[in-house]
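The values are calculated or read from the model by the stated rules, or taken from the named source; none is laboratory data. Just so it is clear, the structure is predicted and the values come from calculations on it, not from any experiment. Because the Cβ atoms are built from the backbone with ideal geometry, glycine has one as well, and the counts that use them run over all protein chains shown. All accessible areas refer to the heavy atoms of the entire protein, side chains included, with ligands and DNA or RNA removed. Shrake-Rupley method; radii C 1.70, N 1.55, O 1.52, S 1.80 Å.
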Amino acid sequence: MVALSTERGRYVYLETFGCQMNENDTGRMMGLLKDMAFKTTERPDAADLIIINTCSVRDKAEHKLYSILGRFKELKEERPGLIIAVAGCVAQQLGAALFKRAPYIDLVIGTQNVHRLKEILERPLPLRRVAVTEFRGSIDANEYAHNDATDGGKAFVAIMRGCDNFCTYCIVPYTRGAEASRKSSDILREVSALVNDGVKEVTLVGQNVNSYGRGSGADVSFPELLRMTAATDGIRRVRFMTSHPKDISGELIDVFQQTPVLCRHLHLPVQSGSDSILKMMRRGYTAAQYLEKTRRIRQRYPDISLTSDIIVGFPGETDADFEATMLLINEARFDNVFAFIYSPRPGTEAAGYAGQVPAEIKAFRLQTILETQREITLAGNRALEGSIQEVMVEDRGARPGAERKISGRTSCGRIVHFHCEEGLSTGSEVRVIITAAHQNSLRGEFIAHAAQGQATVA
Ligand code: SAH
Ligand code: SF4
Ligand code: F3S
């Protein structure tokens, strides 16, 4: 039996890819490892445990994993006691097959078994070499009890897992399983504990948060959960993602009005502006229905930031379909867009569709979107010049001598760089006048501390 070394302390090196669900899983693994007295290290060669938390939503995910693992193979040869674990969506998909492909892997931990990491690491070696990838159905309270995913006063809190939507291009329902929700009391207990530990901003995360309350486990609606979370003593900002446009309700839109600590940002992935492509994607709305929702939201909250995801080159996407997407982008005037080239995912419906679009056309369409959106984003940022924004400090300037170069975020999520003669702590809230707009950030000057107890509304 090979025991984990303890004399010099134990170190874990973690690499995380993918979405906020993976960030949350990493946070939970870190929580469990902290209980086992592990410390984190930035250096794989100093680690006793290496965990790669993988994503398979696009590109050559498997290939990418093997090339990352290749970097650690030599370390394992030098130090056979080193433990290499693969977690996340690629781990879930490939399971025990990973041992065959990369025999130096010790542990494969699927997306619904993150909470078992500690128990497995404590096993003697032969029992530790396992692939745990079974889906569990409903959520037990203890699965989410160890979140250590706090970063500069911010934390991701998972409210649910899985997805039942089966958009035809998407791997997530296969890698994350069926939708299940956590009980509101468990979520609120976690939020309170985080806030007591100094967290000021909580992001409630799920692949489709608007379904919270519909699948197994939840006892209140999502808008109600938002109101309850926002009522947590000491919490300053609440965010959530991701929302599915087909499920955005009037009640959810109302919550922004009633709940000032709820940040003025809505990420609402549209994916395409063409009705026939949306239908083939199985998104459950038309471009006109989507635009109507964004119009209603903007009418009510003119300063809200709307962001979106778009896929170009879905099978069968014609020039006319792409034109429809460009029209939608020009009409919706998103504050920002994340545009992706369609990537066929093994086992998904769309991977077998006829009419796969050639790579150079996909690349051209992506560039076209990015150029247009750059102008729209910059214009939106410029419109904020001269305005006063409430900013929560995230970075006080890590370099020596850079104490006065501070950055933070507005309620709508924009990054603001500013100077302040006095030292400010992470998580403090200040009022800043915006003096210049750039593509990805704003520049400003410190005016005053924001009044505590007053909501942060940009
Ligand atoms: N649950 C969220 C998004 C999950 S994945 C939602 O429904 O909106 C994040 C983004 O990745 C998606 O919004 C989509 O734009 C993109 N994506 C997912 N599958 C993809 C694929 N096969 N190829 C390219 N982009 C994809
Ligand atoms: Fe994927 Fe669609 Fe589920 Fe989002 S809603 S995770 S895009 S299947
Ligand atoms: Fe990637 Fe899995 Fe998230 S595929 S986007 S890490 S749910």
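Residues are listed down the side, and each one gets a yes or a no for (1) within 16 Å of ligand 3 (Cβ to nearest atom); (2) under 30 Å from Ile277 (Cβ atoms); (3) aromatic (Phe, Trp, Tyr):
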position: Arg128; (1), (2), (3): no, no, no
position: Thr133; (1), (2), (3): yes, no, no
position: His146; (1), (2), (3): no, no, no
position: Gly152; (1), (2), (3): no, no, no
position: Phe156; (1), (2), (3): yes, no, yes
position: Arg161; (1), (2), (3): yes, yes, no
position: Cys170; (1), (2), (3): yes, yes, no
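Quick check: anything in segment 419-430 modelled with pLDDT of 90 or more, open to solvent by 20 Å² or more (accessible area, probe 1.4 Å) and either over 28 Å from the mean Cα position of the chain (by Cα) or more than 27 Å from Phe256 (Cα to Cα) (or both)?
Checking segment 419-430: not a single residue is modelled with pLDDT of 90 or more, open to solvent by 20 Å² or more (accessible area, probe 1.4 Å) and either over 28 Å from the mean Cα position of the chain (by Cα) or more than 27 Å from Phe256 (Cα to Cα) (or both).
Looking at segment 308-327 only, could you name the residues that are under 12 Å from Met280 (Cβ atoms) and part of a helix (DSSP H, G or I)?
Asp321
Please pick out the residue among Val220, Val202 that is under 19 Å from Gln20 (Cβ atoms) and in contact with a Ser or Thr (Cβ under 9 Å, 6 or more places away or on another chain). Steps first, answer last, please.
On the way: Val220 fails: under 19 Å from Gln20 (Cβ atoms).
Testing whether each residue is under 19 Å from Gln20 (Cβ atoms) and in contact with a Ser or Thr (Cβ under 9 Å, 6 or more places away or on another chain) leaves just Val202.
Does Arg300 satisfy the condition of being more than 14 Å from ligand 2 (Cβ to nearest atom), open to solvent by 10 Å² or more (accessible area, probe 1.4 Å) and either basic (Lys, Arg) or closer than 30 Å to Gly234 by Cα (or both)?
yes
Can you list the helices (runs of 4 or more DSSP H) lying wholly within segment 57-131 that have 3 or more residues being open to solvent by 10 Å² or more (accessible area, probe 1.4 Å)? Explain how you work it out, then say what you get.
Details: elements: 61-78, 88-94, 97-101, 117-121, 125-128.
Per the criteria, 61-78, 88-94, 97-101, 125-128.
Could you check segment 25-56 and list, in sequence order, the residues that are in contact with a Lys or Arg (Cβ under 8 Å, 6 or more places away or on another chain) and part of a helix (DSSP H, G or I)?
Listed by number, the residues that qualify are Leu32, Leu33, Asp35, Pro44.
For segment 167-178: of the residues being away from ligand 1 (no atom under 11 Å from the Cβ) and under 24 Å from Tyr342 (Cβ atoms), which is surrounded by the fewest Cβ atoms within 10 Å (Cβ to Cβ)?
Within segment 167-178, the first condition is being away from ligand 1 (no atom under 11 Å from the Cβ), and the residues that meet it are 174, 177-178.
Add one more test, that the residue is under 24 Å from Tyr342 (Cβ atoms), and what stays is 174, 177.
Working: Tyr174: 17, Gly177: 20.
Taking the candidates together, the pick is Tyr174.
List the number of the failed condition for Ser274; all other conditions in (1) more than 16 Å from ligand 3 (Cβ to nearest atom); (2) surrounded by 22 or more Cβ atoms within 10 Å (Cβ to Cβ); (3) within 22 Å of the chain's Cα centre (by Cα) hold.
So Ser274 meets the others, but not (3).
Can you give me the number of residues within segment 48-79 that are within 16 Å of ligand 1 (Cβ to nearest atom) and out of contact with any Cys (no Cβ under 8 Å at 6 or more places or on another chain)?
Adding up the residues that qualify gives 7.
How many residues does segment 334-386 contain that are within 16 Å of ligand 3 (Cβ to nearest atom), not aromatic (Phe, Trp, Tyr) and not in a helix (DSSP H, G or I)?
Residues that pass the stated criteria total 8.
Pairs only if they're at least six apart or on different chains, beta carbon under 6 angstrom, first in segment 147-161 and open to solvent by 30 Å² or more (accessible area, probe 1.4 Å), second of a type in the set (Asp, Glu); list them, first residue then second.
Pairs found: Gly152/Glu394; Lys154/Glu201; Phe156/Glu23.
Can you tell me which residue in segment 330-384 is farthest from ligand 1 (Cβ to nearest atom), limited to those that are of a type in the set (Asp, Glu), surrounded by fewer than 18 Cβ atoms within 10 Å (Cβ to Cβ) and closer than 16 Å to Leu306 by Cα?
First pass over segment 330-384, keeping only residues of a type in the set (Asp, Glu): 331, 335, 349, 360, 371, 375.
From the residues that got through so far, the ones that are surrounded by fewer than 18 Cβ atoms within 10 Å (Cβ to Cβ) too are 331, 349, 360, 371, 375.
Then keep just the ones that are closer than 16 Å to Leu306 by Cα; that gives 331, 375.
Working: Glu331: 19, Glu375: 21 Å.
So the residue we want is Glu375.
Determine whether Glu201 is crowded, with 20+ Cβ neighbours inside 10 Å, of a type in the set (Asp, Glu), touching a residue at least 12 places away in the same chain (Cβ under 8 Å) and within 21 Å of Leu262 (Cα to Cα).
Against the criterion (crowded, with 20+ Cβ neighbours inside 10 Å, of a type in the set (Asp, Glu), touching a residue at least 12 places away in the same chain (Cβ under 8 Å) and within 21 Å of Leu262 (Cα to Cα)), Glu201 qualifies.
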